[in-house]
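A.B. asks: Sharing a structure below in structure tokens format, with a few things to ask.
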Amino acid sequence: DSRDVEQTNKALFEGWAEGFLDTTNEVAAADQGFCQAIGGDPNIYYFHSSWRLAPDEALVIEAADIPECQTWNFVLQNWWMESLDYRHHTIHVNKHTAHYEPDGSVRVVVSHTNPGVPNWIETAGHKKGTMCWRWIGAKHHPELKTRVAKLAELQ
């Protein structure tokens, strides 16, 4: 019955998300073998983690070394790894929509309210969830630096 399938899927994704708790507020490289085993694209290098922010906090993600690639993207998700409401909120950024710094780096800022900076990603009313960064078609997969800051520091 469809309720059994729904419960099984919910348990699968909740278990996966719970595995991200050790890297909360980091953008950590995922187990690529696991990603491929569940149907991930072999041309994509995945970073998965969880996030949790207080009302006065922001998660700052810095990509200093953008590799040559087909594209890259970042998306904020709920606890079950579903993208947040992209119709009414800015919950993602990619190679083509991002604001780049003069040195070619990118800084993404996740927060509950708009700090008035480029590449702001909205939490859309969620206090916690999961997130994913993907390098698509890249030959190398640089790590991303993250830090939690007070919103007042960014404004």
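The values are calculated or read from the model by the stated rules, or taken from the named source; none is laboratory data. These numbers come from a predicted model, not from an experiment. Note that we place each Cβ from the backbone using ideal geometry, even for glycine, and neighbour counts take in every protein chain shown. With ligands, DNA and RNA removed, areas are computed over all heavy atoms of the protein, side chains included. Shrake-Rupley method; radii C 1.70, N 1.55, O 1.52, S 1.80 Å.
A.B. asks: What are the pairs, 6+ residues apart or on separate chains, where a residue within region 66-88 that is of a type in the set (Val, Ile, Thr) has its Cβ under 6 Å from a residue that is open to solvent by less than 10 Å² (accessible area, probe 1.4 Å)?
C.D. replies: Cβ pairs passing all conditions: VAL75/CYS132.
A.B. asks: Right, another one. If you scan region 128-155, which residues turn out to be under 14 Å from the mean Cα position of the chain (by Cα) and exposed (fewer than 13 other Cβ atoms within 10 Å of the Cβ)?
C.D. replies: Listed by number, the list holds a single entry, ARG147.
A.B. asks: Could you give every pair whose Cβ atoms fall below 6 Å, whose first residue belongs to region 130-151 and is part of a strand (DSSP E or B), and whose second residue is among the acidic types (Asp, Glu), counting only separations of at least 6 or pairs across chains?
C.D. replies: Close Cβ pairs satisfying both conditions: LYS145/GLU62; THR146/GLU26; VAL148/GLU57; LYS150/ASP56.
A.B. asks: Sticking with this structure for a sec: Output the residues belonging to region 102-127 that are exposed (fewer than 14 other Cβ atoms within 10 Å of the Cβ), on the phi > 0 side of the Ramachandran plot and within 18 Å of the chain's Cα centre (by Cα).
C.D. replies: GLY125
A.B. asks: Kindly provide the set of residues from region 102-117 that are closer than 18 Å to PRO55 by Cα and assigned to a loop (DSSP other than H, G, I, E, B), ordered by number.
C.D. replies: Hits for region 102-117 are HIS112, THR113, ASN114, PRO115, GLY116, VAL117.
A.B. asks: Give region 13-63 a look and list any residue that's in a helix (DSSP H, G or I) and open to solvent by 60 Å² or more (accessible area, probe 1.4 Å), or say none.
C.D. replies: PHE13, GLU14, GLU18, LEU21, ASP22, PHE34, GLN36, ALA37
A.B. asks: Can you give me the number of residues within region 71-101 that are at pLDDT 95 or above, open to solvent by less than 60 Å² (accessible area, probe 1.4 Å) and assigned to a loop (DSSP other than H, G, I, E, B)?
C.D. replies: 2
A.B. asks: Still on this structure, please answer the following. Among (1) closer than 19 Å to ALA138 by Cβ; (2) open to solvent by less than 30 Å² (accessible area, probe 1.4 Å); (3) outside any strand (DSSP E or B); (4) not basic (Lys, Arg), where does ILE66 come up short?
C.D. replies: Unmet condition: (2).
A.B. asks: Restricting attention to region 109-122, which residues are closer than 15 Å to SER83 by Cβ and touching a Phe, Trp or Tyr at 6+ places or on another chain (Cβ under 8 Å)?
C.D. replies: Passing the criteria: VAL110, ILE121.
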